[in-house]
Amino acid sequence: MSGQVAGVLLAAGDGSRLGQPKALLQVAGQTLAARGVAMLRAAGADPVLVVTGAVAVDVPGAVMVHNQRWRSGMGSSFAAGLTAIPADSAAAVVALADQPLVGAVAVQRLISAFDAGASVAVATYAGEPRNPVLIARACWPRAIELAAGDVGARPFLRAYPELVTLVECGDTGRPDDIDTPEDLDRIRRLLAADGYGPGQG
């Protein structure tokens with residue numbers, strides 16, 4: 001093991017296009033925040049931090065990190081999450097609360113890539129880089145510096161492509177976002193039909 005890997009779940013937005021904050025949305029009997037925490041835990045991430053903003057969130061066993069600047073976009077939440085991770089964590093996997101079809105196996109594959117020497121590991125689906133993303137501690141200062149507006153790791157990943165290991169995860173789940181009521185309805189139908197669980201994959 002190259003060191004303990006923390007999990008960071010970004011759950012601070014107000015869901016402007018959806019009409020309600022996403023973190024407390026119920027899907028398959030769980031809030032999106034609780035589902036994301038369960039997924040990260042099932043993959044072996046420890047500790048798990050949840051970055052909150054628009055609404056108060058409480059998930060037992062997870063560390064809540066309130067981003068006072070959440071209105072500025074995902075970049076500030078990404079930075080707040082990395083900054084709050086304990087000093088004994090060697091890397092962090094960053095996941096999004098509004099992607100409930102991402103499976104724990106995807107995170108496990110990113111951690112395995114880190115154990116094998118990758119500094120940065122990005123989940124891909126049919127070859128397309130999406131989420132989650134693992135970043136080793138040595139890279140956090142640069143990642144935090146480049147995060148701005150409504151983007152988190154993307155500017156860092158584009159600036160340092162030589163650090164990135166792509167990890168195919170298309171067989172472990174899906175990176176579909178919940179941005180609109182239509183997205184929410186579609187994902188609820190997928191969950192009911194396919195039985196995706198937090199550890200799916």
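Coordinate-derived values only; no laboratory data. Computed from a prediction, not measured in an experiment: that's the story for all the values here. Reconstructed Cβ throughout: ideal geometry from the backbone, glycine too, with neighbour counts over all protein chains shown.
Things worth noting here:
- Taking amide H positions as modeled 1.01 Å from N, with prolines and chain starts lacking one, the residues under 5 Å from Val27 and 5 or more places away or on another chain are Leu32.
- Charge context of Asp14, other residues only, Cβ under 9 angstrom, K/R +1, D/E -1: +2
- Neighbour net charge for Leu82 - beta-carbon separation under 15 angstrom, K R +1, D E -1: +2
- Contact order relative to length of region 4-190, as percent, for alpha carbon pairs under 8 angstrom and 6 or more apart: 24 percent
- Cα-projected label distance for Ala138 with Ala193, points at 7 Å along beta-carbon direction, nm: 4.6 nm
- Highest average first, the peptides 17-30, 119-132 ordered by how many other beta carbon atoms sit within 10 Å of their residues are 119-132, 17-30.
- Spin-label pair Ala90-Arg186: with each label point 7 Å from Cα along the Cα-Cβ axis, the two points sit 3.9 nm from one another.
- Charge sum, other residues only, whose C-beta stays under 14 Å from Asp194's C-beta, Lys/Arg counted +1 and Asp/Glu -1: +2
- DSSP bridge orientation in the chain - percent antiparallel, rounded to nearest 5: 40 percent
- For region 61-76, Karplus couplings with θ = phi - 60° (6.51, -1.76, 1.60), whole Hz, Gly/Pro x: x, 9, 8, 8, 10, 8, 9, 5, 9, 4, 5, 6, x, 4, x, 5
- Cα-derived Rg over Rh, computed across region 39-164 with Rh taken as Kirkwood radius: 0.93
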